[in-house]
Amino acid sequence: MDINLTGQIAASLTQSWWISIGSGIIGGFVTGGIALIGIKMTQNHDERKEEKIRKSTMLQKKKQVYSELMGLKKLLVTIKQSFYISNIQASYLNYGYICKLICKEDDSTPFQMYQEEVRLRNELELNSAESEKDLWTTIGLVQVTFSNSSILKDSIANIARIEKELDKFEKKIYDEDHNNSNDINEEDDSLISENPDLWIQKKGEFITSWRNDRSNDAEEQTNALDSGIDDLLKCLKDQIEAEEESAIT
């Protein structure tokens, strides 16, 4: 065989071998690259799916906390107002009972009414304390569930401020009840003995006016709490609606 021809054949075979190897390597890279892209696309899809599920779960939790706070608000405001009114009424009845004792009127009905009101007041006080505990437990859930924006922080701080004012108001009722009882016991006996009916009438007008004023104060104070919780609820609702809109788009 011709030496040149043999060399050409050998060169051709060598070239074909390298081309075959090169093609295999390139094909391997391409196949591997496609596989990696497929894996990455699957991972991205799974991550997006998990993120969507997470956001949906969190949104449902936020709605649940919102509903709990909404229901608790109605209960708490009603109980607190009832407690203050009962506390005021107990003071009113106690004052009237003392007046009748001073005038030596033999009538046990005012005292029985006073005792019944005190029983109701004590029961409402326990319910009020329990509802207030539930309120701050729910607010704690709000803080860990919702975005802690400046509006949310301000709303919670405002509720805390209103609660302090309510505590002051409660103390005011007890202090005035104590002072009213002391004042009536220090009355001049001659004024009572001269005209006991007129004396009782004047005392009745005084304590009735006091009761009406404090009852109006109780309504104003509890309305402030109602409005404060409403502000927080609005903040939560705005966040929920924003997330619902984001989920759609």
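Laid out as a table, the results:
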quantity: Every residue from segment 175-195 that is part of a loop (DSSP other than H, G, I, E, B) and loosely packed, with under 12 Cβ neighbours inside 10 Å; calculated: Glu186, Asp188, Asn195
quantity: Residue within segment 208-217 that is within 19 Å of Arg161 (Cβ to Cβ), assigned to a helix (DSSP H, G or I) and either in the same structural domain as Leu101 (by TED's automatic domain parsing) or not hydroxyl-bearing (Ser, Thr, Tyr) (or both) present; calculated: yes
quantity: Flag if Glu176 is touching a Lys or Arg at 6+ places or on another chain (Cβ under 9 Å) and more than 21 Å from Ile79 (Cα to Cα); calculated: yes
quantity: Among (1) touching a helix residue (DSSP H, G or I) at 6+ places or on another chain (Cβ under 7 Å); (2) at pLDDT below 95, the one test that Glu194 misses; calculated: (1)
quantity: Complete set of residues in segment 140-160 that are part of a helix (DSSP H, G or I) and either in contact with a strand residue (DSSP E or B) (Cβ under 8 Å, 6 or more places away or on another chain) or touching a residue at least 60 places away in the same chain (Cβ under 8 Å) (or both); calculated: Leu141, Val142, Thr145, Ile151, Leu152, Ser155, Ile156, Asn158, Ile159
quantity: Test: Glu241 is surrounded by fewer than 16 Cβ atoms within 10 Å (Cβ to Cβ), modelled with pLDDT under 95, assigned by TED's automatic domain parsing to the domain that holds Trp136 and not polar (S, T, N, Q); calculated: yes
quantity: Qualifying positions in segment 65-84 - closer than 19 Å to Trp210 by Cα and surrounded by fewer than 20 Cβ atoms within 10 Å (Cβ to Cβ); calculated: Ser82
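The values are calculated or read from the model by the stated rules, or taken from the named source; none is laboratory data. Being a predicted model, the structure only gives us computed values, none of them experimental. Cβ sites come from the backbone with ideal geometry, for glycine too, and all protein chains shown count toward neighbours.
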